[in-house]
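The values are calculated or read from the model by the stated rules, or taken from the named source; none is laboratory data. Everything quoted here is computed from the prediction, not taken from an experiment. Because the Cβ atoms are built from the backbone with ideal geometry, glycine has one as well, and the counts that use them run over all protein chains shown.
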Amino acid sequence: MGTPPLSPWAVLVPTLVLVGLWAPCVVSRQPNFIIILADDVGWGDLGANWAETKETPHLDQLAAEGTRFVDFHSAASTCSPSRASLLTGRLGLRNGVTHNFAISSLGGLPRNETTLAEVLREAGYSTGAIGKWHLGHHGHHHPNSRGFDYYFGIPYSHDMGCTDTPGYNLPPCPPCPQHSTAARVARKDCYTEVALPLLENVTIVQQPVELGSLARRYAEEAERFIQRASAKGQPFFLYLALAHMHVPLVPPLPPAPGRGVYGASLGEMDALVGRVKEAADSLGRGSTLLWFTGDNGPWTQKCELAGRLGPFVGAWQRQRGGSSAKQTTWEGGHRVPALVYWPGHVPASRTSQALLSILDIFPTLVALAGAALPPNRRFDGLDVSPVLFGWSDVGHKVLLHPNSGAAGKVGEIEALRLAQYKAFYTTGGALACDGSTGPAQQHHPPLIFNLDRDIQEQEPLDVASREYQAVLPAISRAYAQALQDIAADNVSVADYSQDPAAIPCCNVQHVGCRCHGATRDPHVESRTPWLCL
């Protein structure tokens, strides 16, 4: 209780529409950009963050040769909203994407939202997306209609469809039907009737996809894209959205003793990142900025198939039941690993404590490309290039955390950071490994934690303490200003309607939408073009 009252700066709530801390760094030419987004990765899944982790030598080397950000956050703790925020620099309440899209979704990221790929393509970049999309696949919501010249991947999560090799999951999922579905029994939490498609641009090249070869294919496609862009003499933007570490896990070999399925899969992801870094370096070190991060924290209801939280255990919630990771606003839900590598520009072997977000990727890359932000809208992200270059360690003074499924209305802002303080107006737990869920609770006045002293979020400040009373007015003003700012913005509304006709299917006459010869590798044997519906 001996912490002194906040200094005067803390009660001056900054505007949420800032797009830069300084003028952007001037570089001699437009840099290439590679954004690698891991799925359901834990902060503790990197050895550079957590000494117990031994499976990430390439990522650890990336940290040694670049800058590691230890207070970096996703914009939401679930898939579609986090990805929408990365590509727009705006929270879900602004861009319209507040929860996940389905395999039968007609809509996606609203068309009036401008993506990072659209801005960079206009600035002369070759743009490619490889991996998980999950921002709408039907019609003009496909990546090729959202600024990406090239797309190769799965239109949503790779557990959202059956495969012939279903991999490790909880509960275990059955393989796709080969013939009649009459004898099939539906399994809880499994997609049993429609096969998972793999797309190249608008063509289904394999359905069901063979998950065991997916990491290799993604690495090969990333290398091809980099080589093609280099041959054309164009700067490039590659958005590589991995299947790892989301279930189902399909490690390449039987796990070594003591390593486990998760560890083997983590090692595969690490090797994939190493291949992409090597391809980027082959163009000439210093020409490409590589940014690795995650979309949200571990999916802990998957038990031993979920990632490592590190110290961010959300102890207050866990004492009341439920998970404090993915889908929650506890630190384990949205604090994610982040590494930035750019030789000659980003300092090596540096650790930054700056409060940053996936929201910052959009304005930072736009500034570094010498492009302009889209007009008539406000942004939640900052141009943090001074932090990347090591000139500053100042990021957000206020960072908003939206509800993402565990408690409260999805997308609503019910938690926020102000400096070292974390305030909750609503708490709740997601489904945990033991089957428990923590009840949703409203807090007026809010629960407030001092993360400098309580990174495990175990003991909120006593509302009667001097510290609580000193920080509460600043938090209340920040919260009110955030809601007012969003209400006054040019916001979008996503279409979440569904129709079975929107499901990607190469052969509607075949049970499960199976394609003849669908086990072929599209880059080894000839393929039949099956267009998406």
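Just checking, which of H142, H134 is crowded, with 24+ Cβ neighbours inside 10 Å, under 17 Å from L240 (Cα atoms) and modelled with pLDDT of 95 or more?
The conditions single out H134.
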Exercise. When you go through V491, V508 one by one, which is the residue that is over 17 Å from K422 (Cβ atoms), part of a loop (DSSP other than H, G, I, E, B) and at pLDDT 95 or above?
Worked result: V491
Problem set entry | Exclusive hit being on the phi > 0 side of the Ramachandran plot and in contact (Cβ under 8 Å) with a residue 12 or more places away in the chain, set D45, D40 | D40
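One line per residue, one yes/no per condition, for (1) hydrophobic (A, V, I, L, M, F, W, C); (2) touching a strand residue (DSSP E or B) at 6+ places or on another chain (Cβ under 9 Å); (3) at pLDDT 95 or above; (4) closer than 30 Å to A440 by Cβ:
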| site | (1), (2), (3), (4) |
| --- | --- |
| L272 | yes, yes, yes, no |
| E278 | no, no, yes, no |
| L289 | yes, yes, yes, no |
| G297 | no, yes, yes, yes |
| Q301 | no, yes, yes, yes |
| P311 | no, no, yes, yes |
| A315 | yes, no, yes, yes |
Exercise. What number of residues in segment 436-454 are in contact (Cβ under 8 Å) with a residue 40 or more places away in the chain, of a type in the set (G, A, S) and surrounded by fewer than 17 Cβ atoms within 10 Å (Cβ to Cβ)?
Worked result: 1
Exercise. Of F379, F389, which residue is closer than 24 Å to L59 by Cβ and either surrounded by 23 or more Cβ atoms within 10 Å (Cβ to Cβ) or over 22 Å from the mean Cα position of the chain (by Cα) (or both)?
Worked result: F389
For this session: Tell me which residues, restricted to segment 425-480, are over 24 Å from S77 (Cα atoms) and assigned to a loop (DSSP other than H, G, I, E, B).
Result: L461, D462, V463, A464, S465
For this session: Mind checking which strands (runs of 3 or more DSSP E) fall wholly inside segment 286-395 and carry at least 3 residues that are in contact with a Leu (Cβ under 6 Å, 6 or more places away or on another chain) and in contact (Cβ under 8 Å) with a residue 12 or more places away in the chain?
Result: 338-341
For this session: Could you list, in sequence order, all residues of segment 464-502 that are touching a strand residue (DSSP E or B) at 6+ places or on another chain (Cβ under 6 Å) and loosely packed, with under 14 Cβ neighbours inside 10 Å?
Result: none
For this session: Go through segment 503-514 and count every residue that is over 20 Å from E200 (Cβ atoms) and in contact with a strand residue (DSSP E or B) (Cβ under 6 Å, 6 or more places away or on another chain).
Result: 1
For this session: Looking at (1) surrounded by fewer than 24 Cβ atoms within 10 Å (Cβ to Cβ); (2) touching a helix residue (DSSP H, G or I) at 6+ places or on another chain (Cβ under 7 Å); (3) without any contact (Cβ under 8 Å) to a residue 60 or more places away in the chain, find the lone condition where Q420 falls short.
Result: (2)
For this session: Could you grab me the full set of residues in segment 78-103 that are over 19 Å from G131 (Cα atoms) and touching a strand residue (DSSP E or B) at 6+ places or on another chain (Cβ under 8 Å)?
Result: L91, G92, L93, T98
For this session: Run down T288, T351, T293, T329 and say which single residue is closer than 21 Å to A76 by Cβ and either in contact with a helix residue (DSSP H, G or I) (Cβ under 9 Å, 6 or more places away or on another chain) or charged (D, E, K, R) (or both).
Result: T293
